[in-house]
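The values are calculated or read from the model by the stated rules, or taken from the named source; none is laboratory data. All figures in this text were calculated on a predicted structure; none of them were measured in a lab. Note that we place each Cβ from the backbone using ideal geometry, even for glycine, and neighbour counts take in every protein chain shown.
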Amino acid sequence: MPLSGRSTLTQFLIEERRRFPDASGDFNALLLDVALCCKAIARAVAFGELGGAMGNHAPESGGSVNVQGETQKKLDVLSNDIFIRRTEWAGHLAGMASEEMDVPYQIPAQLPRGKYLLVFDPLDGSSNIDVNVTVGSIFSILRGPDTGRDVTEADFLQPGTRQVAAGYALYGPTTMLVLTVGTGVHGFTLDPNLGEFMLTHPGIQVPAETQEFAINASNSRFWEAPVKRYVDECLAGKTGPRGKDFNMRWIASMVAEAHRILMRGGVFMYPRDTKDPSKPGRLRLLYEANPIGMIMEQAGGRASTGRTAVLGVQPTALHQRIGLVFGSRNEVERIERYHAEPEAVAQHNPLFTERSLFRD
């Protein structure tokens, strides 16, 4: 195994750094710290109930709730702490922001501060933990102030086009790290014997065409007309306007959805809907949409709000939510086109409507 000829993550990053002779090495060191976080979380997830970290956080007080209004799992809190403790000490970061924290995290005054910002969802899909379904971590790296001052919320409000790296870890049958530093997307598999991430999927490309889509059909009554049109056309199969059969998937773990799409194509939709008018979408722009969006775009796919490229959206709040559609480019562009066109006339035999014996 050590002589397999595969590059380790460290080797890959060194080779990337050689393209920039003036680079300090801080960026590589930060990414290796993040990879170590993912290894530690993978270990905690793998132990499951044996590790004593299952269930809700602080159950004796009825459970704790994060800034998103979601009940925190023990592994949410543990994973968040791992990211903080493994990355705050080295002097690479100016500050951090997390889905699990109300406000930006300040690097303690006694520690050196660097020029990067780390933004992360420490455990995406954690509602699946108790049923042993794949979960993961998502992260994004931005440039921050290099003056050593405390960071503010405004420092993090950068559009996705300004990310310098993005990635996710997948805790499934194998642990994988999928990473982009702006030169394509590469997948690394954790070798449990060596404790190293090994390059196993170089230059990942999302197929432009697909016959799979992922959406939570239980929200169909709240979808906007262009989304209903798209889904109805897919489900109509070979006899419908698309002229081919589609399969529908839904895992409720966006990392798992994204990974499936990277591997074999597809389109993921968590669009804006009318379920809660106060929320213009379900997913978080900074912690989820932007990093996954960068990965998809770097792999030849597309990431969109349904109307426009998600990476071009200017954030206005740390925990801003947004509608998200990503995956195979041709399908995402079709959904954008449906949003741009005037509303179509009612479709014949829509698949998500009430039916009645007395209907005309």
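At a glance:
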| item | result |
| --- | --- |
| Positions within segment 285-314 being outside any loop (DSSP other than H, G, I, E, B) and of a type in the set (Gly, Ala, Ser), in sequence order | 289, 293, 303, 304, 309, 312 |
| Test for residue 231: is it part of a loop (DSSP other than H, G, I, E, B) and surrounded by 15 or more Cβ atoms within 10 Å (Cβ to Cβ) | no |
| Qualifying positions in segment 104-118 - surrounded by fewer than 12 Cβ atoms within 10 Å (Cβ to Cβ) and within 20 Å of the chain's Cα centre (by Cα) | none |
| Residue identified as farther than 25 Å from residue 99 by Cα, touching a residue at least 40 places away in the same chain (Cβ under 8 Å) and not assigned by TED's automatic domain parsing to the domain that holds residue 137 among 231, 267 | 231 |
| Single residue of segment 183-194 satisfying the filter (surrounded by fewer than 19 Cβ atoms within 10 Å (Cβ to Cβ) and at pLDDT 95 or above) that is nearest to residue 23 (Cα to Cα) | 184 |
| Hits in segment 274-312 - residues which are crowded, with 19+ Cβ neighbours inside 10 Å and among the β-branched types (Val, Ile, Thr) | 292, 295, 305, 310 |
| Residue pairs meeting the criteria (Cβ under 9 Å; at least 6 apart or on separate chains; first at negative phi and loosely packed, with under 14 Cβ neighbours inside 10 Å, in segment 197-209; second of a type outside the set (Val, Ile, Thr) and assigned to a loop (DSSP other than H, G, I, E, B)) | 202/7; 202/184; 205/184; 205/299; 205/300; 205/301; 209/265; 209/328 |
| Test: residue in segment 169-185 that is more than 15 Å from residue 299 (Cα to Cα), within 16 Å of the chain's Cα centre (by Cα), part of a loop (DSSP other than H, G, I, E, B) and of a type outside the set (A, V, I, L, M) | yes |
| Selection count where residues are within 18 Å of residue 83 (Cβ to Cβ) and surrounded by 18 or more Cβ atoms within 10 Å (Cβ to Cβ), scope segment 156-175 | 10 |
| Subset of segment 1-28 that is assigned to a helix (DSSP H, G or I), out of contact with any helix residue (DSSP H, G or I) (no Cβ under 9 Å at 6 or more places or on another chain) and not charged (D, E, K, R) - its residue that is surrounded by the fewest Cβ atoms within 10 Å (Cβ to Cβ) | 11 |
| Condition check for residue 172: of a type outside the set (S, T, N, Q), modelled with pLDDT of 95 or more and not assigned by TED's automatic domain parsing to the domain that holds residue 331 | no |
| Residue within segment 243-251 that is assigned to a loop (DSSP other than H, G, I, E, B), in the same structural domain as residue 132 (by TED's automatic domain parsing) and under 24 Å from the mean Cα position of the chain (by Cα) present | no |
| Unique match (being surrounded by 14 or more Cβ atoms within 10 Å (Cβ to Cβ), under 21 Å from residue 291 (Cα atoms), of a type outside the set (Asp, Glu) and at pLDDT below 95) among 48, 144, 136, 125 | 125 |
